[in-house]
1. Can you tell me which residue in segment 49-89 is most open to solvent (accessible area, probe 1.4 Å), limited to those that are within 16 Å of residue 206 (Cβ to Cβ) and basic (Lys, Arg)?
2. Tell me which residues, restricted to segment 425-449, are open to solvent by less than 50 Å² (accessible area, probe 1.4 Å) and in a helix (DSSP H, G or I).
3. As an exercise: evaluate residue 190 against (1) over 22 Å from the mean Cα position of the chain (by Cα); (2) exposed (fewer than 15 other Cβ atoms within 10 Å of the Cβ) and give the number of the one condition it does not meet.
4. Kindly provide the set of residues from segment 433-454 that are small (Gly, Ala, Ser) and touching a residue at least 40 places away in the same chain (Cβ under 8 Å), ordered by number.
5. Which one is modelled with the lowest pLDDT among residues in segment 16-45 that are surrounded by 20 or more Cβ atoms within 10 Å (Cβ to Cβ) and within 30 Å of residue 90 (Cα to Cα)?
6. Given the structure, is residue 314 in contact (Cβ under 8 Å) with a residue 40 or more places away in the chain and buried (at least 20 other Cβ atoms within 10 Å of the Cβ)?
7. Confirm whether residue 83 is within 24 Å of residue 61 (Cα to Cα) and in a helix (DSSP H, G or I).
Amino acid sequence: MEKSLFKNAIYKIALNFFNLIVPILIGPYVYRALGADSIGKVKYGESIFNYFFIFATFGIYQYGLREISRIKKDKTKVAQLFTTLFTFSLITNAVTMAAYLLVTFLGYGDHYLFPILLIFSFSFVMNIFYVEWLNEAFENYDFITIKTIIVKIIYVVLLIALVKSSADYLIFTSLLVMTTSLNNIISFVYIKRQVKFDFSHMKFKPHIKPLFLVVIFMNGNILYSQLDIFMLGRYVSDAAVSFYVMSKQITTIISALMLSVVQVTIPRLSYILGSSNDEESYVNLVQRVARIYYAVLFPAAVGLLAISDLGVIAYGGGEFAGAGSVLAVYSIYMIFVGTDNVLANQVMYVKKKENILVRFIVVGGIFNLMLNAIFVYLDLFSAAVAIGTTAASTVLLVAMEYYYIRKKLDIPLFLFNKTNMKYLLFSLTFFPISYILRSFISGTYVLFTVIVVACIAVYGALMWLTKDEMLYLLLDKVKNKLPGFKK
């Protein structure tokens, strides 16, 4: 029985909403307890770890999700592919961990990053058991949601109990690793009850090339945001890293909710193309999802831009006031990277065009590296400049993707139509609203809250007055799920 796409989206949104609430509630505590320098140390160390972790994961999550989604009705093939990818993951994690530890001891043995990097090394062991891609392919979003919420609650309790000052940054690092490890183990135990190991037809060779392409495709951030963080830590300061990371975290919190719509449709899109090759249904679903996505993306990005100076203080305290300009640029970047998420994940990846997409990502990444190098040479490199260069590189990436999809794949995808741009026009009203309210209200937290509530109210009213289809669709779905409204 095929699971409801709407229910999957609800579970995914519930999960991401919880993931949104936890950082909102606990993030200010962490940033105030640890401070800019300690946060910068952890995130700088994490950026180094992430460069190795990319090769440990080796694109198995994304590749496994797509390939299992295509064959999930065949239990034998699923077991064989699962066994192959699990074994391959065991090898990549072991080899990468050895290389990582070698670099850690030889390159950072006497550095303050050494204990941080050593703690992160445990993630390689526990990543072997990361099989969430199988749960998502089977659309087990109810289990994923409940499990993740429980693990997050444990994390929050331990965080509050153990992290008290800037000296506790190693405990904070350990909790990050512990949370991910617990999450992986629970998922592995759960999925092993449904899928058994089958070593009868284990072949690595057919999967190596597509996996390698996925590695580059899904980890383009090594030439984008991860590159920014590394260069800020190398050429600017730990505080600059913390400004960048906090802005990234705030936008990621918001983006996670919107990406729920994109993420839950990837298995269904893959299944549509893999089982029936119904091109018309595929295009209609992508177009519909894109419209829902923009209806939320534009107000989120523009709203964040309008309150960026208040947001960083409300989230991190006065010590992070200097991150206001960084968050402002990041909010604009949200629109570009959001568009990339639709084009890359729902079209090019589902259509198995990773080889083309990889070229685009590399071109954009090299462009970003060149821009960063120029600003470092001119001694103008900063957190705001770093995300500005990444935004410019993402615009180039989106332009290449959109051209290829429309002209080469001949897919009639229209993202920038009047209907979608209407949501951007509605969102621009947030600037006069913010300006007017700032003239009458003082106090960071009160002003922040009033502006957010006012902007949401005005945006909702505009959608209501124009009888927006997406708003009425959502309201009808909600009413049908409520006992008192069921027909």
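The values are calculated or read from the model by the stated rules, or taken from the named source; none is laboratory data. All values derive from a computational prediction rather than experimental measurement. Ideal geometry is used to build each Cβ from the backbone, glycine not excepted, and the neighbour counts take in all protein chains shown. Only protein heavy atoms, including side chains, enter the accessible area calculation; ligands, DNA and RNA are left aside. Shrake-Rupley method; radii C 1.70, N 1.55, O 1.52, S 1.80 Å.
1. Across segment 49-89, the extreme among qualifying residues is 77.
2. Hits for segment 425-449 are 426, 427, 430, 433, 434, 437, 444, 447.
3. Going through (1) over 22 Å from the mean Cα position of the chain (by Cα); (2) exposed (fewer than 15 other Cβ atoms within 10 Å of the Cβ) one by one, residue 190 breaks only (2).
4. Listed by number, the list holds a single entry, 434.
5. For segment 16-45, the residue satisfying everything is 16.
6. Here the answer is no, as residue 314 does not meet what is asked.
7. Judged against the criteria, residue 83 is a match.
Okay, residues lined up against (1) open to solvent by less than 40 Å² (accessible area, probe 1.4 Å); (2) part of a helix (DSSP H, G or I); (3) hydroxyl-bearing (Ser, Thr, Tyr); (4) closer than 30 Å to residue 201 by Cβ:
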{"residue": "91", "(1), (2), (3), (4)": "no, yes, no, yes"}
{"residue": "97", "(1), (2), (3), (4)": "no, yes, no, yes"}
{"residue": "100", "(1), (2), (3), (4)": "yes, yes, yes, no"}
{"residue": "124", "(1), (2), (3), (4)": "yes, yes, no, yes"}
{"residue": "130", "(1), (2), (3), (4)": "no, no, yes, yes"}
{"residue": "148", "(1), (2), (3), (4)": "yes, yes, yes, no"}
{"residue": "151", "(1), (2), (3), (4)": "yes, yes, no, no"}
{"residue": "155", "(1), (2), (3), (4)": "yes, yes, yes, no"}
